[in-house]
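Chemist: Submitted below is the structure of interest, expressed as structure tokens.
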């Protein structure tokens with residue numbers, strides 16, 4: 001799954017926090033307004049791409065900046081998690097890395113697992129995966 005990344009508080013690509021010690025990267029997926037959202041949401045203005053609306057799915061934080069405690073790794077992100085053997089769909093799982101691009105890959109992989117899991121649930125509910 002492709003996630004579109006946008007810096008918050010600082011210009012795109014800036015790795016240092018702003019004067020208020022804030023730094024974050026928001027991850028967005030684009031949902032097709034007519035196909036992917038219920039009828040009641042069709043009033044939404046189209047987002048960055050025609051017929052698509054951006055939906056924020058995660059936030060990458062830099063440790064030690066405002067609101068984020070100092071940790072062993074430089075970057076951190078909480079994401080939903082499907083593969084919890086005890087709870088099934090877990091609320092979040094924290095991913096860490098010192099390499100921003102590595103963390104982005106981990107997040108995209110996690111969301112691809114979730115997408116595939118829900119796709120198989122949908123197919124099973126239709127009787128296609130029996």
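Chemist: Restricting to segment 9-56, name every residue that is at positive phi and either surrounded by fewer than 16 Cβ atoms within 10 Å (Cβ to Cβ) or at pLDDT below 70 (or both).
Modeler: 13, 21, 51
Chemist: Exactly one of these conditions fails for residue 75: (1) under 20 Å from residue 14 (Cα atoms); (2) at pLDDT 90 or above; (3) out of contact with any helix residue (DSSP H, G or I) (no Cβ under 6 Å at 6 or more places or on another chain). Give me its number.
Modeler: Condition (3) is where residue 75 drops out.
Chemist: Which number in (1) exposed (fewer than 14 other Cβ atoms within 10 Å of the Cβ); (2) modelled with pLDDT under 95; (3) under 17 Å from the mean Cα position of the chain (by Cα) marks the one condition that residue 101 misses?
Modeler: Answer for residue 101: the failing condition is (2).
The values are calculated or read from the model by the stated rules, or taken from the named source; none is laboratory data. Remember, it's a predicted structure, so these values are computed and weren't measured experimentally. Backbone-built Cβ (ideal geometry, glycine too); neighbour counts: all protein chains shown.
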